[in-house]
Amino acid sequence: MSSGMKASMMNLYVKENDLQNAEKYFIDLKKEDPSFILDSHKLLDYASLLVKNNRLNTAIDILEKTSPNK
C-alpha cells in the first residue's frame, strides 16, 4: 500500500474516532516511509483524537516531531 493510501486510511479511522486503527496506520506510515510528510489537517485531526483519548503528551510529541516547520 502506498504512503498516500496509508495516510488516507489513517484519516478515515480518525474521522470514525477509531484511535486503535488510526494509530496503527500512523505508526506503519512513519516506519515504512519516514520522509513522508503528512498534511497538516490529517496531523492535527490525529493529534486531536489522541487528546480526546487522554493522550495529550503523545499528541504534543507527535506534533513536535512531525511538524514540517520544525
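The values are calculated or read from the model by the stated rules, or taken from the named source; none is laboratory data. Owing to the predicted nature of the structure, the values given are computational and were not obtained by experimental measurement. A quick note on method: Cβ atoms are made from the backbone with ideal geometry, for glycine too, and the neighbour counts reach across all protein chains shown. Calculation scope for accessible area: heavy atoms of the full protein, side chains included, ligands and nucleic acids excluded. Shrake-Rupley method; radii C 1.70, N 1.55, O 1.52, S 1.80 Å.
Some observations on this one:
- Tabulated pairs, the range 1-16, first over 16 Å from LEU44 (Cβ atoms), second aromatic (Phe, Trp, Tyr) and surrounded by 11 or more Cβ atoms within 10 Å (Cβ to Cβ), C-beta under 8 angstrom, 6+ apart or interchain: SER3/PHE36; LYS6/TYR25; MET9/TYR25
- Filter pass, LEU44 being open to solvent by 50 Å² or more (accessible area, probe 1.4 Å) and either acidic (Asp, Glu) or assigned to a helix (DSSP H, G or I) (or both): yes
Residue by residue, here is whether (1) at pLDDT below 95; (2) surrounded by fewer than 18 Cβ atoms within 10 Å (Cβ to Cβ); (3) out of contact with any Phe, Trp or Tyr (no Cβ under 7 Å at 6 or more places or on another chain) holds:
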{"site": "ALA22", "(1), (2), (3)": "no, no, no"}
{"site": "TYR25", "(1), (2), (3)": "no, no, no"}
{"site": "LYS30", "(1), (2), (3)": "yes, yes, yes"}
{"site": "LEU50", "(1), (2), (3)": "no, no, yes"}
{"site": "ASN54", "(1), (2), (3)": "no, yes, yes"}
{"site": "LEU63", "(1), (2), (3)": "yes, yes, yes"}
{"site": "PRO68", "(1), (2), (3)": "yes, yes, yes"}
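- Taking the range 59-70 as the range and being more than 24 Å from MET1 (Cβ to Cβ) and either outside any loop (DSSP other than H, G, I, E, B) or under 9 Å from the mean Cα position of the chain (by Cα) (or both) as the test, the residues that pass are ALA59, ILE60, ASP61, LEU63, GLU64.
- In the range 5-40, of all residues being assigned to a helix (DSSP H, G or I) and acidic (Asp, Glu), the one that is nearest to VAL51 (Cα to Cα) corresponds to GLU23.
- Selection over the range 31-61 of residues that are of a type in the set (Val, Ile, Thr) and touching a residue at least 24 places away in the same chain (Cβ under 8 Å) gives a count of 1.
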